[in-house]
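These notes concern the structure reproduced below.
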Amino acid sequence: MFKILHNVLSAEECAEMRNQLQQGTWIEGAATAGALAKQVKQNLQLDDQDPIAKRLSQQVEQRLLANPDFISSALPNRFYPPKFNLYQHGGFYGAHVDNALLTNPYSGEKLRADLSATLFLNAPESYVGGELQIDTGMGVQEIKLPAGDLILYDSGALHQVLPVTEGQRIASFMWVQSLIADSKARSLLNQLDQTIQNLRRERDDRVQDENVLQLTELYHNLLRYWSQTG
Ligand code: NI
């Protein structure tokens, strides 16, 4: 899965978040990296234990859970609480794959990382570099999005953040355990859901359409068949 979601946060929400982040406690990102990633990681992360981090993390999670596009694409089961990072002065994160298994730092709950997401919080024009390069298996995609937009991609994909040589790149990042572990199956469900939504819009939504009803039944039964809620 490789998907861009636009306007997850408004410009005002991003500005307010950046304001609050300025007052946060930032630590070296390498401190939280695994042994291999440590050598290639040079950025700052907001300290998980900072009350600002907890509050903003909840805010991002709530906004995502209220976003129909996100729900349809990710089919989230569990979240690794959104974190925040900052790249500046040539900071970068070299090629790596995210850990498969994670522990929620607040609840101790274990989760499997199916999807990784980056929510961009400041304007791409305000910094040089900082592209997120993702090896999709069908070529490398270079991602640098407007503030408030989010990229969702498979956690198993090799990726890196290129050096930020001017300005600051501020973002939130997170992992999601999906109800559907298999990326292909999840994409098929997302495609089916989009088609049903389009049909509903195209036809009169107030009238019960037999074909739309049957497709909806198919969607829910596939979800029932494939989902893992554990
Ligand atoms: Ni990563």
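Structural remarks
- Estimated vicinal HN-Hα couplings, Hz - region 216-229 in sequence order (Karplus 6.51, -1.76, 1.60; Gly, Pro = x): 5, 4, 4, 4, 5, 6, 5, 4, 4, 5, 9, 6, 10, 9
- Solvent-accessible surface of region 183-226, averaged per residue with a 1.4 angstrom probe and all protein chains in place: 75 square angstrom.
- Cα-Cα separations in region 149-209 greater than 13 Å, expressed as whole percent: 76
- Residue ranges 177-183, 104-110 sort as 177-183, 104-110 when ordered by packing (mean number of other C-beta atoms within 10 Å per residue, highest first).
- Between N19 and E166, the contour length at 0.36 nm per residue exceeds the Cα-Cα span by 50.9 nm.
- Karplus (6.51, -1.76, 1.60) ³J(HN,Hα), θ = phi - 60°, over region 77-88, in Hz, Gly and Pro reported as x: 10, 9, 10, 8, x, x, 10, 10, 9, 9, 10, 7
- Comparing A171, P105, L9 along the charge dipole axis of region 2-178, the residue lying farthest to the positive side is P105, per the Cβ-charge model.
- Taken about its Cα centre, region 1-145 carries a charge dipole of about 300 debye when Lys and Arg each add +1 at the Cβ and Asp and Glu each add -1 at the Cβ.
- Cα-based shape type of the chain, given that a ≥ b ≥ c are square roots of the gyration tensor eigenvalues and the cut on a/c is 1.5: prolate
- Here the Karplus relation 6.51 cos²θ - 1.76 cosθ + 1.60, evaluated at θ = phi - 60°, turns the backbone of region 52-61 into coupling constants of 4, 4, 5, 5, 5, 4, 5, 5, 5, 4 Hz, with x for every Gly and Pro.
- Near the amide H of E131, within less than 5 Å, lie the amide hydrogens of L162, all on another chain or at least 5 residues away, with H placed in the peptide plane.
- A crude spin-label estimate for the pair L218 and D204, with each label 7 Å from Cα along the Cβ direction, gives 2.5 nm.
- As a calculated quantity, the FRET efficiency between H89 and N7 at R0 = 25 Å, using C-beta atoms, amounts to about 0.25.
- Among the protein heavy atoms of the chain, carbon and sulfur supply 51% of the accessible surface, probe 1.4 Å, non-protein parts ignored.
- Tensor-based shape of region 183-226 (alpha-carbon gyration tensor, a/c under 1.5 rounded, otherwise prolate or oblate): oblate
- Principal-axis tilt of helix 183-202 within the chain, Cα atoms, nearest 10 degrees: 60
The values are calculated or read from the model by the stated rules, or taken from the named source; none is laboratory data. Quantities reported herein were computed from a predicted structural model and do not represent experimental measurements. Backbone-built Cβ (ideal geometry, glycine too); neighbour counts: all protein chains shown. Quick note on the areas: whole protein, heavy atoms, side chains included, nothing else; ligands and nucleic acids left out. Shrake-Rupley method; radii C 1.70, N 1.55, O 1.52, S 1.80 Å.
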